[in-house]
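Below you'll find the structure, written out as C-alpha cells, and then a few comments.
Throughout, read-outs are computed from the coordinates displayed, never taken from laboratory work. The model shown is predicted, which means the values in this text are computed figures rather than measured ones. Note that we place each Cβ from the backbone using ideal geometry, even for glycine, and neighbour counts take in every protein chain shown.
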Amino acid sequence: MEDADIFLSIAEIAGVFVGFGALISFSPDRAVEARAPLRTVVTIGLVVLVAALLPVALARYGLTDRALWGWSSGGFLFVIWLAILVPLLDTEQRTWMKADAKANPALTMFLLAFLELPIQVPLALVVLGVVTTLASAFYVTALVLNLFEAALVLARLVFARSEPADWGS
C-alpha cells in the first residue's frame with residue numbers, strides 16, 4: 001500500500017486528540033458541560049485512529065483497489081455510526097447532545113452539512129462502487145474532516161469556560 005505513511009501519520013494525530021482528551025479529563029472541572037464534549041473529542045479521535053489503521057491492516061491481507069477501499073469505507077462508516085449511536089445510550093451524554101443542539105442550532109447544522117455529510121456520503125458511494133477512481137481520495141478526505149471535527153469540539157471545550165479563573169488568589 002503506497003499511502004500507508006499518510007494513514008499512520010493520521011493515526012498518530014488522532015492519538016494526540018485521544019491523549020489530550022485523557023489529560024483534560026483529569027482537570028477538576030467535571031461538570032457535564034465539560035465531560036460530554038470531552039467524551040465526544042475522545043470518541044472522534046478513536047474513530048479516526050481506527051479508520052486510519054483499517055486500510056493499512058486490510059492491505060496486509062492482499063486487498064487492493066476496489067476491495068480495499070470498499071471494505072475500508074464500510075468499516076469506517078460502521079465505526080462512525082457506532083460512535084454516533086453508542087453515546088446515545090448514556091443518559092447524560094444524550095441529554096447534553098440534545099441541549100447543545102438546541103442551544104447551538106447553527107453550529108449543529110454546520111457540523112451536519114459541512115462535516116458529517118461530506119464524510120459519510122463519499123464513503124457510502126465507495127461502498128456502493130459508484131466512484132471507485134476517487135475512493136482513496138474520499139477516504140483521506142473523510143479522515144481529515146473527522147480530525148477537523150475533533151479539533152472543533154476540542155476548541156469549543158477549551159474556549160467555553162463559563163466562569164473566569166480566579167487570578168487574585
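Here are some notes:
- Whole-Hz Karplus values for region 37-43 come out as x, 5, 4, 5, 4, 5, 4 Hz, taken residue by residue from phi with 6.51 cos²θ - 1.76 cosθ + 1.60 and θ = phi - 60°; glycine and proline positions read x.
- The mean sequence distance of close C-alpha pairs (under 8 Å, at least 6 residues apart), as a share of the length of region 1-155, puts its relative contact order at 32 percent.
- Here the Karplus curve 6.51 cos²θ - 1.76 cosθ + 1.60, taken at θ = phi - 60°, turns the phi angles of region 115-127 into couplings of 10, 4, 5, x, 7, 7, 4, x, 5, 5, 4, 5, 4 Hz, with x standing for Gly and Pro.
- Separation in nanometres of the label points that stand 7 Å from Cα toward Cβ, at L112 and R35: 2.7
- Inter-probe distance in nm under a simple model that places probes 7 Å from Cα toward Cβ, at A57 and I84: 2.2
- About its Cα centre, the dipole of the chain is roughly 340 debye, where the only charges are +1 on Lys and Arg Cβ and -1 on Asp and Glu Cβ.
- Per-residue 3J(HN,Hα) values for region 137-150, derived from phi via the Karplus relation 6.51 cos²θ - 1.76 cosθ + 1.60 with θ = phi - 60°, read 5, 4, 5, 5, 4, 4, 4, 5, 5, 5, 5, 4, 4, 4 Hz in sequence order (x marks Gly and Pro).
- Max mean-square fluctuation residue, GNM over the chain, Cα-Cα springs under 10 Å, options I44, I13, I80: I13
- Dipole-positive endmost among A142, L117, G62 within the chain (Cβ charges, Cα centre): L117
- Cα→Cβ-extended label distance, 7 Å offset, between R156 and V144, nm: 2.3
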